[in-house]
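The block underneath contains the structure these notes are about, expressed in structure tokens.
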Amino acid sequence: MAQIHETLGQTGTAAINQAKAISGLGGVGKTQTAIEYAYRYFYDQPTYEWVFWVNASDLTLAASFGSIATDLALPNHETQKLDEKIAAVSHWLETHDRWLLIFDNLDNPKSLQPFRPNNPKGRILITSRAQRFDSLGVAYPITLHAMTATEAHQFLRHRTERTSIDLPEQQAVEALAAALGYLPLALEQAAAYIVAKGVSFVAYLRAYEKRRLQLLEKQQPQTGNYPNSVATTWAINFEAVKTNSPAAADLLNLSAFLAPDNIPYELLAFGKDHMGELLSGALADALEDELLIPELLEELTCYSLIQRETANCYSIHRMVQEVLRDGMDEATRLAWLGRAVEALNAVFPSGEFETWQQCARLVEHGQAIERHLEYIPYHTVSAGRLLNNVGIYLLDQGRYREAEPLLVQSLLICEQHLGETHPDVASSLNNLAGLYQSQGRYKEAEPLHLHALSICEQHLLLRQ
């Protein structure tokens, strides 16, 4: 807290940079540190009049930054496109002072440049797994490390409310903390399991050691230097969820193929018929019983595998997603990706203005599907339809760079499954051409329009 505030509290020439970054492994406490700083210097020691939070992953950065326009009730925010909202928010930040802008989970520092206001009277705090922030002028980020052994021991005993334990239990606490690498997220998950099940530290350590041996040869996450202890701790929790609530385990599997943040309850309620027999059955009455989904999620929150958010949403840590997908064989991954596609297809609107609010809550998850297709081929007509609808919404929002890969992929899928002369292919051609036309890329748009026209002419002739 002192290091962050000393940097952000500077004035004069030193304040021109106005930014500080918190760096470290996933699960080490970067977000919680940012939250604590915001509360401390907004409420306890008032320094800022405004605090804004931006979910800064590649999928959410632009939309989350633009949503500040709604938080501030800026003029015309209800009808503006995303680019207009971003411009309005940037102008507000550049003309006001005493604000703190937090970019959370900024894995690609260079992507922040278009959203960084030029105002030395405001302050920016970044959390990221990245190590270098030269592109942002931040030379020395604050690196968060794992707890010390003493801190980890104290945490486990405090979290489980076991202040008085015998020697075997104390030895198990020490061994468990060391085995988990003193990583806060792993310690919290282990403690959550111990509290939920009422088991001893000795019993949990014994189970952990057995699972760890089974998982030694499993493929590890490819991004970040995550220790084995995180994956093995999650694996124990996964097994507990499967035992206690197989439907909750299926919900976790489905969530592994969505965007990590802001998964809306309505996706589960209205897409329930496409989520496999077990999960569909558990969600059968979700439209009539509004408590059913929170009750299903409770099994996952017990082990900190998900986090409930406001506005009827929940989030799942991206490393939980990766570990889940790593633990699936190819057929299982394909099955859950297909269910995610079908569920999103059932709830994603066609994109009319009246449905933009609903589209906004689902668009990140459609984009996540497109990224999964790079690694898990799922080229079905349903996938093409979903990518097309998401792409059209992004096009209408003026988010051209985000729309293009979805519309291109949708066209390829349609041609592959329906044939190059199908009427739906003509529609996809026109959609992609419309994107190019909106960007002034007329030489690329014209042949697509002509091709679509040719397909339509052929089908009209066949009808005569």
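The values are calculated or read from the model by the stated rules, or taken from the named source; none is laboratory data. As the structure is a prediction and not an experimental result, all values here were calculated from the model. Because the Cβ atoms are built from the backbone with ideal geometry, glycine has one as well, and the counts that use them run over all protein chains shown.
Here are some notes:
- Taking the range 290-401 as the region of interest, the helices (runs of 4 or more DSSP H) fully inside it that hold 1 or more residues being farther than 16 Å from Ile263 by Cα and touching a Cys at 6+ places or on another chain (Cβ under 7 Å) are 381-396.
- For Gly391, the test of being over 19 Å from Ala62 (Cα atoms), surrounded by 18 or more Cβ atoms within 10 Å (Cβ to Cβ) and either assigned by TED's automatic domain parsing to the domain that holds Glu354 or modelled with pLDDT of 90 or more (or both) is failed.
- For the range 323-332, the criterion of a residue being crowded, with 20+ Cβ neighbours inside 10 Å and at pLDDT below 85 is satisfied by at least one position.
- Scanning the range 139-149 for residues that are modelled with pLDDT under 85 and among the hydrophobic types (A, V, I, L, M, F, W, C) yields Ala139, Ala146.
- Matching helices (runs of 4 or more DSSP H) fully within the range 34-142 where at least 2 residues are in contact with a strand residue (DSSP E or B) (Cβ under 7 Å, 6 or more places away or on another chain) and of a type in the set (Asp, Glu): none
- Where Gln171 falls short, out of the listed (1) within 26 Å of Val195 (Cβ to Cβ); (2) modelled with pLDDT under 90; (3) assigned to a helix (DSSP H, G or I): (2)
- Residue in the range 416-429 that is surrounded by fewer than 16 Cβ atoms within 10 Å (Cβ to Cβ), over 18 Å from Glu370 (Cα atoms), over 29 Å from the mean Cα position of the chain (by Cα) and among the hydroxyl-bearing types (Ser, Thr, Tyr) present: yes
- The residue that is surrounded by the fewest Cβ atoms within 10 Å (Cβ to Cβ), counting only those in the range 448-464 that are under 37 Å from the mean Cα position of the chain (by Cα) and at pLDDT 90 or above, is His449.
- Some residue of the range 48-61 being in contact with an Asp or Glu (Cβ under 8 Å, 6 or more places away or on another chain), of a type in the set (Val, Ile, Thr) and crowded, with 17+ Cβ neighbours inside 10 Å: yes
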